[in-house]
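Heads up: the structure comes next, in structure tokens.
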Protein chains: 2
Amino acid sequence: MKKLISSPETVVADALRGLALAHPGVRVDHERRVVYRAEPKDFGTVALVSGGGSGHEPLHTGYVGFGMLDAAVAGDVFTSPTPDQIHAATIAVERGVGVLHIVKNYTGDVLNFELAAELAQAARIEVRTVLVADDVAVADSTFTAGRRGTGTTVLLEKIVGAAAEQGHDLDTLHELATRIAASGRSMGVALSAATVPAAGVPTFELADNEIEWGVGIHGEPGRARQTMAPAPELAERLVGPLVADGLPAGDAIVMLSGLGATPLIELYAMLAEMVPLLEAVGVRAVRTLVGNTITALDMAGCLITVLPVDAELLSYWDAPVETPALRWGR
Amino acid sequence: MKKLISSPETVVADALRGLALAHPGVRVDHERRVVYRAEPKDFGTVALVSGGGSGHEPLHTGYVGFGMLDAAVAGDVFTSPTPDQIHAATIAVERGVGVLHIVKNYTGDVLNFELAAELAQAARIEVRTVLVADDVAVADSTFTAGRRGTGTTVLLEKIVGAAAEQGHDLDTLHELATRIAASGRSMGVALSAATVPAAGVPTFELADNEIEWGVGIHGEPGRARQTMAPAPELAERLVGPLVADGLPAGDAIVMLSGLGATPLIELYAMLAEMVPLLEAVGVRAVRTLVGNTITALDMAGCLITVLPVDAELLSYWDAPVETPALRWGR
């Protein structure tokens, strides 16, 4: 294992130190591993909290800031944060009108965010939870009951974050978030496995010409292992399952994320194949986001996420955002 | 070789198609492989043209847009664009008051930009050229006479792009660019080699515990091959040569780029070690840019660039920019 880290034990804490040094717009509670906005929201505004295992950067810590999250809670690599961490974040950011928890559907995350919500409610803080389970690859997986939560989380955090900034109440934001979680779809492919620092070896082995369809962002098995193919065929096998799952015609935000070790030239080459395939079924990519937006350590491969949008969602998408990883228009 | 591409022959063209589909703010001349702003500058404004071999994305095609480049010319992978391509870009963007060519110091680039400048001058277009040769690793290299041009190019394109937007003349911009090129310094390390699609095999071989110090962004040999070390030691060996080269105390922009296959968690873990080392010699990282800003296909590793700045340079850095890869504040 060759990684630019001090040690497997300190990598999460070290990366949070780096994040804090790089971005004056965030403040890090290093003891609890929570990233906050340096300038908290006004009283009377709903706060958004997300989090999960580390190793998916910039998700979630890179999405803290104006127009997106109020706090992100970092677990160990590929490990859910604890209820105590999540609770600390929740009480720190609440501004009297409730907190929305944004949770990816993995067993540990679901359980720990549930416990944190109970702790918050015992402290008279209203919490609503939206669960993202958008990965169409498999019905259940080694880490989940139901579909796994992946790329839609990024789009949801941006859109609901913008809506929260505009002062909507918890009911409205929860409804909006639920609608997004229900309509976003993702599908990924791995060309190589990630190496968890504490393990030191790849989470699975692929032959030189083998790829894993519908891989999970922790290396969970997908639908099938097949031989490598050129981009047009790969694009078909990624877009196809989204369409088969009921992706409706119309405008959409298309996100193509590298999984950590895949360079931008390959992502753009893939996008060139995907956009026409989507157009062929009436899905128009009115906005795109291409790059490492949700990753799996040093896994090679990509994940496509398609979210159908109307004018309202688009206006929230286009609204100003200022976070370490996503920044525009302010 | 496993890559998300259609074929080695079409990867550059395919990636440009993807870029055009993803970003309505740019327009691509697919025949000549030039990326332009969709909305050209006003007459009477100096235009900025850069370019080079592909495989370093988002450099340069991702940096075309308001506040940065007017055109980027894409060569084949790790191969200079031709004088004809560069000339086409130059005459397309000139607005009556001259064009600045931003060239990384590689033999092919230098020669072809020189020929393009002569063609432009024959067409009565005034061209000035700034050469970036900021890589302190080696005095000469397999690809260059003199130092190689790397990360300072990104910072130069942003800063001089902002100054051009404010209407400064060609002399002033050339002087500013020359000052930046003379004061920016970079140093990189590779944990693995890149695989050029047309070659199909890595450009060099590293053992499981071996790294290449001062690697070039085309895989050119650096200073030495040594055994892998933890982040604090790696950081010292990257920052040390910048200091030894005369990096002055004071405010600086610090860019830490992944070389293509290195995830963000590792970059932040490295940054956490580097910022204190810089502070120890009086260099204050007043702005940072962390991510894949200049890459070498799927090479694992990182490149640090430090540019000393004064209030003027900082104000240009902070000025609005809207390109596929860098976007803020407009």
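The values are calculated or read from the model by the stated rules, or taken from the named source; none is laboratory data. If you're wondering where the values come from, they're calculated on a predicted model, not measured in any experiment. Heads up, the Cβs are rebuilt from the backbone with ideal geometry, glycines too, and the neighbour counts pull from every protein chain shown. Heavy atoms of the whole protein, side chains included, go into the accessibility calculation; ligands, DNA and RNA do not. Shrake-Rupley method; radii C 1.70, N 1.55, O 1.52, S 1.80 Å.
Applying the set (1) over 26 Å from B:Ser192 (Cα atoms); (2) touching a residue at least 24 places away in the same chain (Cβ under 8 Å); (3) touching a helix residue (DSSP H, G or I) at 6+ places or on another chain (Cβ under 7 Å); (4) crowded, with 20+ Cβ neighbours inside 10 Å to A:Ser54 leaves exactly one unmet item: (1).
Would a scan of segment B:236-252 turn up a residue that is under 27 Å from A:Glu57 (Cα atoms), of a type outside the set (Phe, Trp, Tyr), more than 8 Å from chain A (Cβ to nearest Cβ) and open to solvent by 10 Å² or more (accessible area, probe 1.4 Å)? Yes: one or more hits.
Of all residues in segment A:216-235, those that are open to solvent by less than 20 Å² (accessible area, probe 1.4 Å) and assigned to a helix (DSSP H, G or I) total 3.
Exactly one residue out of B:Asp208, B:Asp171 is free of Cβ contacts under 8 Å to residues at least 60 places away in the same chain, over 30 Å from B:Asp318 (Cβ atoms) and among the acidic types (Asp, Glu): that is B:Asp208. Residue-level check: of (1) of a type in the set (Gly, Ala, Ser); (2) assigned by TED's automatic domain parsing to the domain that holds B:Glu114; (3) surrounded by fewer than 24 Cβ atoms within 10 Å (Cβ to Cβ); (4) not in a strand (DSSP E or B), B:Gly62 misses just (3).
For segment A:220-235, filtered to residues that are touching a Phe, Trp or Tyr at 6+ places or on another chain (Cβ under 8 Å) and within 14 Å of chain B (Cβ to nearest Cβ), the residue that is nearest to A:Ser54 (Cα to Cα) is A:Arg225. Of all the criteria given as (1) part of a loop (DSSP other than H, G, I, E, B); (2) out of contact with any Gly (no Cβ under 9 Å at 6 or more places or on another chain), the one not satisfied by B:Ala252 is (1).
Taking the residues in segment A:35-48 that are outside any loop (DSSP other than H, G, I, E, B) and away from chain B (no Cβ under 14 Å) as candidates, determine which candidate is farthest from B:Met255 (Cα to Cα). Looking at residues that are outside any loop (DSSP other than H, G, I, E, B) and away from chain B (no Cβ under 14 Å), I get A:Ala47. Considering only segment B:25-34, I want to know if a residue exists there that is part of a loop (DSSP other than H, G, I, E, B), within 12 Å of chain A (Cβ to nearest Cβ) and within 19 Å of B:Ala162 (Cα to Cα). Yes, because at least one residue in segment B:25-34 is part of a loop (DSSP other than H, G, I, E, B), within 12 Å of chain A (Cβ to nearest Cβ) and within 19 Å of B:Ala162 (Cα to Cα). Tell me whether segment B:12-20 contains one or more residues that are within 13 Å of chain A (Cβ to nearest Cβ), assigned to a loop (DSSP other than H, G, I, E, B), touching a residue at least 24 places away in the same chain (Cβ under 8 Å) and within 30 Å of A:Ala300 (Cβ to Cβ). No; the residues of segment B:12-20 include none that is within 13 Å of chain A (Cβ to nearest Cβ), assigned to a loop (DSSP other than H, G, I, E, B), touching a residue at least 24 places away in the same chain (Cβ under 8 Å) and within 30 Å of A:Ala300 (Cβ to Cβ). Can you confirm whether A:Thr79 is surrounded by fewer than 24 Cβ atoms within 10 Å (Cβ to Cβ) and within 12 Å of chain B (Cβ to nearest Cβ)? Answer is no for this residue.
Which numbered condition trips up B:Met255, out of (1) within 12 Å of chain A (Cβ to nearest Cβ); (2) farther than 23 Å from B:Ala182 by Cβ? So the condition that B:Met255 fails would be (2).
Within segment B:271-322, the set of residues being among the small types (Gly, Ala, Ser), open to solvent by 30 Å² or more (accessible area, probe 1.4 Å) and in a loop (DSSP other than H, G, I, E, B) comprises B:Gly282 only. Every condition in (1) buried (at least 17 other Cβ atoms within 10 Å of the Cβ); (2) charged (D, E, K, R); (3) within 13 Å of chain B (Cβ to nearest Cβ) is met by A:Glu210 except one, and the failing one is (1). Pairing each residue of segment A:98-125 that is within 14 Å of A:Gly75 (Cα to Cα) with any residue that is at pLDDT 95 or above and open to solvent by 70 Å² or more (accessible area, probe 1.4 Å), provided the two are 6+ apart or on different chains, yields C-beta distances under 6 Å for A:Val103/A:Leu131.
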